[in-house]
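In what follows, a single structure is set out as structure tokens and then discussed.
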Amino acid sequence: MFRSLFAISDEQAMWRVQTQDDHAAFALLVERWREKIRRLCIRMTGNPHTGDDLAQEVFARVFDKRRDFRAASKFSTWLWRIAVNRCCDELRRPASRATTESLDDENSTVVLDINVSDTRTPRDALARQEEAELVRQALMRLPENYRAVLVLRHYENLKLREIAEVLDVPEGTVNSRMAEALVQLTQLLEPAFAPATKTLKQRGKEHLVV
């Protein structure tokens, strides 16, 4: 039975949580999604400590709102929505804990594809890390609605249709937010990447890669 529990889908596990208060099924969902939600919260807030706290709050909210989950829905969409909304709530607080810190977790690294030389030497690795830090700082200066689409698309690899479902907006709105987010990000990075931002403007969203 324990082995069969691990074979069930997220939706099946959530159904057990919803209808039976099944703590083993809930623990399975937390195990499957904990790291992804943690990374999302860190990337949205720019603060590893705040991200850790918010990730825990997200799963607590999932259990508290288990009766609200619709059987026909996709669990991942519902979970991403709860996580993004919780991050945005945090970012809007007057005394928000979401102060940007340097993220030294390799899983949190984002870089611009700006023809940086291969990171085979310590110097190359350091240059790439410095560039990633500049991008993170610029990302934190974007409004949360633009930040959310970039994080979901370029970090979590969600499709535009999936992002629209998570944010509960039309797909066209996601497209327009993505375009504006890239324009703003480019403008913020121009002082540091003056030669390279021309490439960013030309190739757009392809330049944000994990």
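Coordinate-derived values only; no laboratory data. Everything numeric in this text was worked out from a predicted model, so none of it was measured. Every residue, glycine as well, gets a Cβ built from its backbone with ideal geometry; the counts of neighbours run over all protein chains shown.
Structural remarks
- Dipole of segment 1-104, positive direction: furthest Cα of A83, C41, G51, with charges on the beta-carbon: A83
- Packing-based ranking, highest mean first, of 34-47, 133-146 given that Cβ atoms within 10 Å are counted: 34-47, 133-146
- Remark: segment 60-75, residue by residue, has Karplus-estimated 3J(HN,Hα) of 4, 5, 4, 5, 4, 9, 4, 6, 7, 5, 8, 4, 7, 7, 8, 4 Hz, where x stands for each Gly or Pro and the curve is 6.51 cos²θ - 1.76 cosθ + 1.60 at θ = phi - 60°.
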